[in-house]
Amino acid sequence: MPLDHFQRLLRCLELEAEAEAAEIVKRSQRANGDGAERSGVCLIGLTIREEETGFGGRAVLTLGKRDRRAELPWTKLNSGSPIVLSEEQIAESGAWRGVVTDRDRETITVVLAQSPEPIGDRPTFRLDLSSDEISRDRQRAAIKQVAAADSGRLAVLKRKLLGEESPEFSTSSESEISRHALASGSDHPQRDASACRLTTDRPLDESQRAAVTHALAAKEVAIIHGPPGTGKTTAVVELIRQTVRRGERVLACAPSNLAVDNLLERLLAADERAIRIGHPARVLPELREHTLDLQVAANPDLKLAREWTKQAWALRRQASKFTRTAPERGARREQRDEAKRLLADARKMEERLVAHLLDSATVVCATLTGLDDELLGNLQFDLAVIDEAAQTTEPACWIPLLRAKRLVLAGDHCQLPPTILSGAAQRLGFDLSMMQRLVEQWGDVISRQLTTQYRMHGQIMRFSSAEFYESSLIAADNVREHLLSDLPHVAPGPLTQTAMQFIDTAGSDCVEQAESEGSSRNNPGEAEVVARQVAELFAAGVAPSEIAVITPYAAQARLLRMLIGNGAIEIDTVDGFQGREKEAIVISLVRSNTTGEVGFLADTRRTNVALTRARRKLIVIGDSSTLANHEFYRRLLDYFEREGAYATVWD
């Protein structure tokens, strides 16, 4: 059974690698000429605006269009994206791998291991999104190590996580959280220097307290299930802080850099000694000083190590240099030996600095696949916490378990699942996360759900609560009836004094169409309706920064960006907006056809994400004649109608 399970995961990793390679080839074939940038995975016609050295001697390049007034098109190349930089029009040009560190409307900044050496006189460059083979190699290695484990703590965790043995919980920590976290109902958390301070501006509610207590009691594994807006991160941070108060060390992980940074920011605000592992370019600028790389670079002892390295390379060059007079016998060897010794001493000093910084931190933060064995050595942790655990495939979750005694998974399996490119891997169950598998097997034995939500108006919340969470969610008092009209700068009116609306495009000229290049879809007529709704929100005084437009389809997002033309409004796919929220959300569902096909809207978890991003106003635009062919959307339409929130484009 265990070997079959792990062999299946290894096979899925190979299938996914093949699918990713095929997708890169397909993108490169169509990413040429005028339509090259439409896919969002490359930028062309770039020139180097600035070049400097940073991040441990790496090359930092800022690129933009040759016309300095030209803005960059929409792109999937964001901070942290792995990229390949190449010189255009030069067949024999080299390719330089790197990472995107920053982007604005006119420029994009990348960090490379070395500075590019263009061949052309007035070179232009292209950036392409790249695969990350190091991450996949680490997943393979972890799976093989776990599969081979037949004794020790890793073998125990393996049996528990494969469902061969029931997870166990102690009763010794039942009162531990209650000594530090406050009961719900108080308007302001008390601050007690002798106890641990809370990490939020509100006390833990009853369900958060229960979840943290349950996780603290886990002998091997526990789950914190956090539906939208229920303060999952608050509970996770409190769990980490309580674990540290026990004198234990924590490895805090997540699938994405942004999710790790979110944890790090909250931990630092709570005065925890947390350090971030990972390429500084993948970390938010305001948090980079807390990365291991930059803390090592800032240490005075590193200056000596760099001086030794400099001397070593000078000796090597001298030993290799031709001279008219022959050097003394053995002199070249002595120079090479001295260089070798200096390099070894420099390396040891850097290793000591890294070990000291890691040992002095009580919490180490990293992405799941960013855990580098060479860097971490034999470092072990009492607890591994994986946030947003439902969004990653299972192999990545085994990487931190090679270094931890216990595991807590936090997330929501009713929202977006892991993204899988390979249909064959999906058929083998690769999209089933470890968290969802364990919840389905053990239910309340292993999991505690958070139930008070602090984001949405009660009317916006209720449909998702009924569909996905057995109507268990309760809107907190301060959000239950909040509306746009409650904001001081917003004018009262029918638009701002109601919480939600569905605008039906059935029978209109809002018809979907396939994108000319690629496999995405858009709906120009529906995009016009979206733009009108955004304009009405503006007219009522809602600020652009308080509005987001989201859609399941990348092609529709591109069309909406061009049509609305306001960079202050976030316009993105549902997947891109996961974990975010705005005061007002406008959703474009796109699908409108005579056959009643809803495409990947059939994965209703994606729609659950979309419906739960709005705080005070939710506007959904779609074609009821198409959507009603699916039971979920038929119930959604019925809900809007029952709530008096249904309208048509003709109204």
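A 1.4 Å probe over all protein chains sorts TYR646, TYR639 by accessible area into TYR646, TYR639, starting with the largest. Measuring nothing but how far apart in sequence close Cα pairs (under 8 Å, 6+ apart) lie, relative to its length, the chain scores a relative contact order of 12 percent.
Students sometimes get this wrong: rank LYS405, LYS582 by accessible area, probe 1.4 Å, all chains present, largest first.
My answer, sorted largest first, is LYS405, LYS582.
Simple point charges give the picture: +1 on the Cβ of Lys and Arg, -1 on the Cβ of Asp and Glu, and for the chain a dipole about the Cα centre of about 2180 debye. Note on LYS219 and THR419: with the Förster distance fixed at 30 Å, the Cβ-Cβ geometry gives a FRET efficiency of about 0.40.
Ranked from largest to smallest solvent-accessible area, with a 1.4 Å probe on the protein heavy atoms, ASP504, ASP150 come out as ASP150, ASP504. Annotation for GLU641 and ARG66: the two label points, set 7 Å from Cα along the Cα-Cβ direction, are 5.9 nm apart. Amide H contacts of SER256 (H built 1.01 Å from N, in plane; Pro and chain starts excluded): no residue 5 or more places away or on another chain comes under 5 Å. Along the axis of the charge dipole computed for the chain (Cβ charges of +1 for Lys and Arg, -1 for Asp and Glu, origin at the Cα centre), the listed residues ALA346, THR234, PHE468 are led at the positive end by ALA346.
So if R0 is 41 Å, what FRET efficiency would GLU289 and PHE632 give, r being the distance between their Cβ atoms, rounded to the nearest 0.05? Could you put the intermediate results ahead of the total?
Working: r = 46 Å, r/R0 = 1.13.
Calculated value: 0.35.
With contacts taken as Cα pairs under 8 Å at a separation of at least 6 residues, segment 354-487 carries a relative contact order of 17 percent. Label separation (ARG580 vs ASP359): 4.3 nm, computed from points 7 Å beyond Cα along the C-beta direction. Per-residue SASA remark: ARG352, around 140 Å² accessible (1.4 Å probe; ligands, DNA and RNA not included). The residues of the chain have, on average, 45 Å² of accessible surface per residue, using a 1.4 Å probe with all protein chains present.
At full extension, ASP337 and GLU536 could sit 64.2 nm farther apart than now, given 0.36 nm per residue minus the alpha carbon distance. Net length available on complete extension from GLN380 to ARG462 is 25.2 nm, with 0.36 nm assigned per residue and the Cα-Cα distance removed.
For THR109, the solvent-accessible surface with a 1.4 Å probe is about 20 Å², rounded to the nearest 10. Among LYS348/LYS405; LYS144/LYS219; LYS76/LYS160; LYS158/LYS348; LYS144/LYS340; LYS144/LYS232, which pairs are too far apart, with a Cα-Cα distance over 27 Å? Too far apart for the 27 Å limit: LYS348/LYS405; LYS76/LYS160; LYS158/LYS348; LYS144/LYS340; LYS144/LYS232. In segment 550-637, carbon and sulfur make up what percent of the accessible area (probe 1.4 Å)? Carbon and sulfur atoms account for 48 percent of the accessible area of segment 550-637. At full extension, GLU440 and ALA113 could sit 113.3 nm farther apart than now, given 0.36 nm per residue minus the alpha carbon distance. Under the shape rule built on the C-alpha gyration tensor, where the axes satisfy a ≥ b ≥ c, segment 565-651 is prolate, since a/c reaches at least 1.5 and a/b is greater than b/c.
A probe of 1.4 angstrom, applied to the heavy atoms of all protein chains, finds PHE577 with accessible area near 0 square angstrom. The packing ranking of peptides 485-498, 358-371, highest mean first, is 358-371, 485-498, where packing means the average number of other beta carbon atoms within 10 angstrom of each residue.
The values are calculated or read from the model by the stated rules, or taken from the named source; none is laboratory data. The structure presented is a predicted model; accordingly, all values stated were derived computationally and were not measured. Positions of Cβ are backbone-derived with ideal geometry, glycine not excepted, and every protein chain shown enters the neighbour counts. Surface accessibility is based on the protein's heavy atoms, side chains included, excluding ligands, DNA and RNA. Shrake-Rupley method; radii C 1.70, N 1.55, O 1.52, S 1.80 Å.
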